[in-house]
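Step one of this worksheet: look at the structure below.
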Amino acid sequence: MKILGEWRADNPADANIYSFHLWLIKNVKRYFPDLDFPPPMVYLDIWPLEVPFAIAYDPVLASQFTQTPSLPKLPTTRAYLEPLTGGNDIVSNDGAEWKTWRSRFNPGFSQRNLIAMLPELIDEVSIFTSLLEARAGKGGKWGSVFQLEEKTTNLTFDVISMAAL
C-alpha cells in the first residue's frame, strides 16, 4: 500500500490507476535500485484494499497471462464489466468461451490486416489529434481542462467500426 500511496501523492486525485505503470517505470530506481527498468513482473499485495495483483512489464510474459492459456480474470475486472455486458465480453470471459471468441477476433488483428488498415487508422487518429489540439492552449500555453471520455469513445468506436466494416 506504501507504493500506491506514493503514486497517489505524485499524481492528481483523479488520476487513473493505469498511469501507475508508467509512473513505476519513471520511479524504478526508488523501488528497484539495481535496475533501469522494472522486472518482468511486479507483484503488488494491497490487501485489505483489494486482492493482490501482478503487473507484467515483459510482452512475452504478458502474453502468457492473456493468451495461452487463458487464466482466470481478475474479479474486479469481472465486477466492473458485468453490469455493462452481463458477462458476455471477451475481457472478463474465461476458458472455452473466451477461446472461441478470441479465435474469431484474431484474424482482424493480424499484422497483415492491421497494415492494410493503417492509412484509415492514421486518418482517424489525425482527426482525434486535431480535436485535442483545438482544445489545447495557443502558443504553448495550457488550455482549459476538459473530459477526454467522449472524444476517446468516439475514436474507439470509429476505429472499431472501420475495422469491422
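Values as computed for the structure displayed
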| read-out | value |
| --- | --- |
| Residue 41 long-range amide H proximity, modeled H, under 5 Å | 57 |
| Extension gain from residue 102 to residue 161, taking 0.36 nm per residue of separation minus the Cα-Cα distance | 19.4 nm |
| Orientation-averaged projected area, Cα convex hull of the stretch 93-165 (nm²) | 6.9 |
| Cut-off 11 Å, label 7 Å out along Cα→Cβ of residue 64, residues of the stretch 14-54 by amide N | 40-41 |
| Among 80, 163, 63 - extreme Cα towards positive end, dipole of the chain, charges at beta-carbon | 63 |
| Kyte-Doolittle at least -0.5, axis length at least 27 Å by Cα - qualifying DSSP helices, the chain | 111-135 |
| Cβ-placed point charges (K, R +1; D, E -1), dipole of the chain about Cα centre in debye, nearest 20 | 200 |
| Point-to-point label distance, residue 91-residue 4, nm (Cα→Cβ direction, 7 Å offset) | 1.9 |
| Helical contribution to [θ] at 222 nm, DSSP H n ≥ 4, -39,500 (n - 2.57), averaged over the chain, rounded to 500 | -17000 deg cm²/dmol |
| Spatially proximal lysines relative to residue 141 (Cα-Cα < 28 Å; intrachain offsets below 8 disregarded) | 26, 151 |
| Cleavage-rule hits, chymotrypsin sites (Phe, Trp or Tyr not before Pro), the stretch 98-165, DSSP coil, Cβ neighbours within 10 Å at most 10 | 142 |
| Relative contact order computed over the chain (Cα-Cα under 8 Å; 6+ residues apart), in percent | 10 |
| Distant-in-sequence amide H partners of residue 46 (H built 1.01 Å from N, under 5 Å) | 53 |
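Every number in this text was worked out from the coordinates using simple rules, so none of it is lab data. Because the structure is a prediction, the values reported are computed rather than measured. Cβ atoms come from the backbone with ideal geometry, glycine included; neighbour counts cover every protein chain shown.
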